[in-house]
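*Asks:* Please read through the structure below; I'll follow up with questions.
The values are calculated or read from the model by the stated rules, or taken from the named source; none is laboratory data. Values in this document were obtained by computation on a predicted structure and should not be read as measured data. No Cβ is skipped: glycine too gets one built from the backbone with ideal geometry, and neighbour counts run over all protein chains shown. Heads up: the accessible areas ignore ligands, DNA and RNA and are worked out on the full protein's heavy atoms, side chains in. Shrake-Rupley method; radii C 1.70, N 1.55, O 1.52, S 1.80 Å.
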Amino acid sequence: MSPPQSYSSYPLYSHPLLKASASLRDGKVKVDLKGPLARIPRVKSAARLMEGQIPCLAGEKLCLSTWVPPAPSPAFDRFVQSQVKALAGIRTPDQVTISITEECPNRCIHCALPDSGHNYRLEPDVAKDVIHQVLGLGATLVTFDGGEPSLYRELPELVSSVGEGAISNMFTSGAGFTPDLARSLKEAGLYAVNVSIDSPVPEEHDAMRGRFGAFRDAMKAIGNALAAGLLVDIYVVIRKGNMKHLSAFHNLARRSGAHELTFFEVVPTGRYAGKTGIILSDVDYAELGNFLSMAGSPRIFSVPAALSNFGCFAGRTWLHITPDGQVYPCACLPKSFGSIFEEPISRIWRRMGRLPYRGRRKCPVREGQVSFNSQG
């Protein structure tokens, strides 16, 4: 996908003490700050988050990332408000992931939340109530996960319930993500689809997913999502075994027409629990950083880089709901702080403020700092 070249100005924030806008120069974001608060270090730091970035799409709205609401929009206004609150030390669960079902045709070697064998599933009314609660807490991104959420027949209904106050996206392996489903999800208001790919080599990907044809399904899902007018992110869990494919992943994203490529760092949890040999080394981080500094379009979002710059998001801006109703700080930090069936999510979120790992510059699970023997 060619880099956006629009030179339009996009309003980001307007207040008597601070005005922020963005424009594109040579396909990259340029942020303009005006007003007395523009000199505050935290405000400058927030602007640097966008400065120089390659957006996913630039037209009537600026779509910086599949993970951030487009500007201008009601959801982006709410996102900015949560960042302003953060300056005052007020936590907001900006990104909430809801695993709506355990049903999945894959047997992924690295699954963080493997099937419990109980066929857990959040019923539609329960899932809608969860969405209502997290929107009330300020969430601006609701992510549907599984299992394989494409197999959850009421998914368009859930997407529709998110409304304009937030964007919604979903993870998929591609299984069950048909053209009809893609169109239904677009009509319901889905913002983006995150297609998981473990290797640009079909045989390697299928082996990781434990199912022949998984790579084929993933590529079909990308085409179906693009045809429906959805933003597409290729989501890669990087580990020692696929670090050699960084350029190939980026080339795959470009050839397929994906708007973004996300690199997430492997965490020794779920089926990978205790397997510390697969985590990235300092040399790997350096290689990743060098690659990111040279890569062009399409946009790459590196979670390890974001973690290094801004600290761990678990329990600070991230929240995860499991198919059996447990509330985690992050899908990769399976430490329950309570159940949605026993108390309001707002109370659980407040209690999560005691999490000692918030803001760490490296994943606490990766560093072996987390004990899973008790509730939060």
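*Asks:* Restricted to the stretch 40-72, and to residues that are touching a strand residue (DSSP E or B) at 6+ places or on another chain (Cβ under 8 Å) and polar (S, T, N, Q), which residue is farthest from residue 293 (Cα to Cα)?
*Replies:* The selected residue is 66.
*Asks:* Those residues that are over 17 Å from the mean Cα position of the chain (by Cα) and over 13 Å from residue 28 (Cβ atoms), I need them from the stretch 58-68; list them, please. Explain how you work it out, then say what you get.
*Replies:* The initial filter retains those residues of the stretch 58-68 that are over 17 Å from the mean Cα position of the chain (by Cα), namely 58-62.
Of everything in the stretch 58-68, those that are over 17 Å from the mean Cα position of the chain (by Cα) and over 13 Å from residue 28 (Cβ atoms) turn out to be 59, 60, 61.
*Asks:* For the subset of the stretch 223-233 comprising residues that are of a type outside the set (Gly, Ala, Ser) and part of a helix (DSSP H, G or I), which member is least open to solvent (accessible area, probe 1.4 Å)? Please lay out each step first, then the result.
*Replies:* Of the residues in the stretch 223-233, the ones of a type outside the set (Gly, Ala, Ser) are 224, 226, 230-233.
The next check asks that each one be part of a helix (DSSP H, G or I); those that pass are 224, 226.
Values: 224: 33, 226: 54 Å².
That would be 224.
*Asks:* Among the residues of the stretch 351-368, is any among the hydroxyl-bearing types (Ser, Thr, Tyr), under 28 Å from residue 100 (Cα atoms) and in contact with a strand residue (DSSP E or B) (Cβ under 9 Å, 6 or more places away or on another chain)?
*Replies:* Residues of the stretch 351-368 among the hydroxyl-bearing types (Ser, Thr, Tyr): 357.
Remaining after also requiring under 28 Å from residue 100 (Cα atoms): 357.
Filter once more, keeping what is in contact with a strand residue (DSSP E or B) (Cβ under 9 Å, 6 or more places away or on another chain): 357.
Within the stretch 351-368 (the criterion being among the hydroxyl-bearing types (Ser, Thr, Tyr), under 28 Å from residue 100 (Cα atoms) and in contact with a strand residue (DSSP E or B) (Cβ under 9 Å, 6 or more places away or on another chain)), the answer is yes, since at least one residue qualifies.
*Asks:* For the stretch 311-328, what are the residues that are within 21 Å of residue 78 (Cα to Cα) and in a loop (DSSP other than H, G, I, E, B)? Before you say what the answer is, go through the steps one by one.
*Replies:* Of the stretch 311-328, the ones within 21 Å of residue 78 (Cα to Cα) are 313-320.
Once the filter is applied, which keeps residues that are within 21 Å of residue 78 (Cα to Cα) and in a loop (DSSP other than H, G, I, E, B), the stretch 311-328 yields 313, 315, 316, 317.
*Asks:* Out of 150, 168, report the one residue that is over 23 Å from residue 212 (Cα atoms) and within 19 Å of the chain's Cα centre (by Cα). It would help to see each step written out before you state the result.
*Replies:* Working: 150 fails: over 23 Å from residue 212 (Cα atoms).
Going through 150, 168 in turn, just one is over 23 Å from residue 212 (Cα atoms) and within 19 Å of the chain's Cα centre (by Cα): 168.
*Asks:* Taking only pairs six or more apart or across chains, which ones have beta-carbon atoms under 7 Å, a first residue in the stretch 241-254 that is within 12 Å of residue 284 (Cα to Cα), and a second residue that is open to solvent by 60 Å² or more (accessible area, probe 1.4 Å)?
*Replies:* As it stands, the answer is 243/287, since those pairs meet every condition given.
*Asks:* Now for a separate question. Would it be correct to say that residue 40 is surrounded by fewer than 19 Cβ atoms within 10 Å (Cβ to Cβ), within 20 Å of residue 320 (Cα to Cα) and more than 20 Å from the chain's Cα centre (by Cα)?
*Replies:* On the way: surrounded by fewer than 19 Cβ atoms within 10 Å (Cβ to Cβ): yes; within 20 Å of residue 320 (Cα to Cα): no; more than 20 Å from the chain's Cα centre (by Cα): yes.
Taking the combined requirement at face value, the residue does not satisfy it.
*Asks:* Follow-up. On the given criteria, is residue 35 open to solvent by 30 Å² or more (accessible area, probe 1.4 Å), over 30 Å from residue 222 (Cβ atoms), more than 19 Å from the chain's Cα centre (by Cα) and touching a residue at least 12 places away in the same chain (Cβ under 8 Å)?
*Replies:* Working: open to solvent by 30 Å² or more (accessible area, probe 1.4 Å): yes; over 30 Å from residue 222 (Cβ atoms): yes; more than 19 Å from the chain's Cα centre (by Cα): yes; touching a residue at least 12 places away in the same chain (Cβ under 8 Å): yes.
So residue 35 fits the description; yes.
*Asks:* Take the residues in the stretch 164-207 that are part of a helix (DSSP H, G or I), of a type in the set (Gly, Ala, Ser) and touching a helix residue (DSSP H, G or I) at 6+ places or on another chain (Cβ under 7 Å), then tell me which one is least open to solvent (accessible area, probe 1.4 Å). Write out each step before concluding.
*Replies:* Step one: filter the stretch 164-207 for residues part of a helix (DSSP H, G or I), giving 179-188, 202-207.
After this cut, where a residue has to be of a type in the set (Gly, Ala, Ser) as well, the list is 182, 184, 188, 207.
After this cut, where a residue has to be touching a helix residue (DSSP H, G or I) at 6+ places or on another chain (Cβ under 7 Å) as well, the list is 182, 184, 188.
Values: 182: 0, 184: 49, 188: 25 Å².
Out of the qualifying residues, it is 182.
*Asks:* Then there is this: Would you confirm whether or not the stretch 341-351 contains a residue that is of a type in the set (Gly, Ala, Ser), more than 26 Å from residue 53 (Cβ to Cβ), loosely packed, with under 14 Cβ neighbours inside 10 Å and touching a Gly at 6+ places or on another chain (Cβ under 9 Å)? Write out each step before concluding.
*Replies:* Just the residues of the stretch 341-351 that are of a type in the set (Gly, Ala, Ser), to begin with: 346.
Okay, now just the ones that are also more than 26 Å from residue 53 (Cβ to Cβ), so 346.
Narrowing further to those that are loosely packed, with under 14 Cβ neighbours inside 10 Å: 346.
Keeping just the survivors that are touching a Gly at 6+ places or on another chain (Cβ under 9 Å) gives 346.
There is at least one residue in the stretch 341-351 that is of a type in the set (Gly, Ala, Ser), more than 26 Å from residue 53 (Cβ to Cβ), loosely packed, with under 14 Cβ neighbours inside 10 Å and touching a Gly at 6+ places or on another chain (Cβ under 9 Å).
*Asks:* Just to verify a result, which residue in the stretch 257-277, among those that are farther than 27 Å from residue 117 by Cα and open to solvent by less than 30 Å² (accessible area, probe 1.4 Å), is farthest from the chain's Cα centre (by Cα)?
*Replies:* Narrowing the stretch 257-277 to residues farther than 27 Å from residue 117 by Cα: 257-263, 277.
Filter once more, keeping what is open to solvent by less than 30 Å² (accessible area, probe 1.4 Å): 257-263.
Details: 257: 19, 258: 15, 259: 14, 260: 11, 261: 11, 262: 8, 263: 10 Å.
Among those residues, the one meeting the criterion is 257.
*Asks:* In addition: One residue is enough: does the stretch 7-23 have a residue meeting the conditions open to solvent by 60 Å² or more (accessible area, probe 1.4 Å), within 20 Å of residue 313 (Cβ to Cβ) and either touching a strand residue (DSSP E or B) at 6+ places or on another chain (Cβ under 7 Å) or not in a strand (DSSP E or B) (or both)?
*Replies:* no
*Asks:* Given the conditions (1) over 30 Å from residue 354 (Cβ atoms); (2) hydroxyl-bearing (Ser, Thr, Tyr); (3) touching an Asp or Glu at 6+ places or on another chain (Cβ under 6 Å), which single one is not true for residue 317?
*Replies:* (1)
*Asks:* If I filter the stretch 313-334 down to residues being of a type in the set (A, V, I, L, M, F, W, C) and open to solvent by 10 Å² or more (accessible area, probe 1.4 Å), which single residue comes out as modelled with the highest pLDDT?
*Replies:* Taking the stretch 313-334 and keeping what is of a type in the set (A, V, I, L, M, F, W, C), we get 313-314, 318-319, 321, 327, 330-333.
Then keep just the ones that are open to solvent by 10 Å² or more (accessible area, probe 1.4 Å); that gives 313, 318, 330-332.
On the way: 313: 89, 318: 94, 330: 91, 331: 89, 332: 85.
Here the residue is 318.
*Asks:* Moving on to the next point. Please verify whether the stretch 298-307 includes one or more residues that are among the β-branched types (Val, Ile, Thr) and buried (at least 16 other Cβ atoms within 10 Å of the Cβ). Don't jump to the end; show me each part of the working.
*Replies:* Residues of the stretch 298-307 among the β-branched types (Val, Ile, Thr): 300, 303.
The next check asks that each one be buried (at least 16 other Cβ atoms within 10 Å of the Cβ); those that pass are 300, 303.
For the stretch 298-307, residues among the β-branched types (Val, Ile, Thr) and buried (at least 16 other Cβ atoms within 10 Å of the Cβ): present.
*Asks:* Does the stretch 208-222 hold any residues that are surrounded by 16 or more Cβ atoms within 10 Å (Cβ to Cβ), assigned to a helix (DSSP H, G or I) and not β-branched (Val, Ile, Thr), and which are they? Can you show your working first?
*Replies:* Residues of the stretch 208-222 surrounded by 16 or more Cβ atoms within 10 Å (Cβ to Cβ): 208-209, 211, 214-215, 217-222.
Those still in the list that are assigned to a helix (DSSP H, G or I) too: 208-209, 214-215, 217-222.
Of everything in the stretch 208-222, those that are surrounded by 16 or more Cβ atoms within 10 Å (Cβ to Cβ), assigned to a helix (DSSP H, G or I) and not β-branched (Val, Ile, Thr) turn out to be 208, 209, 214, 215, 217, 218, 219, 220, 221.
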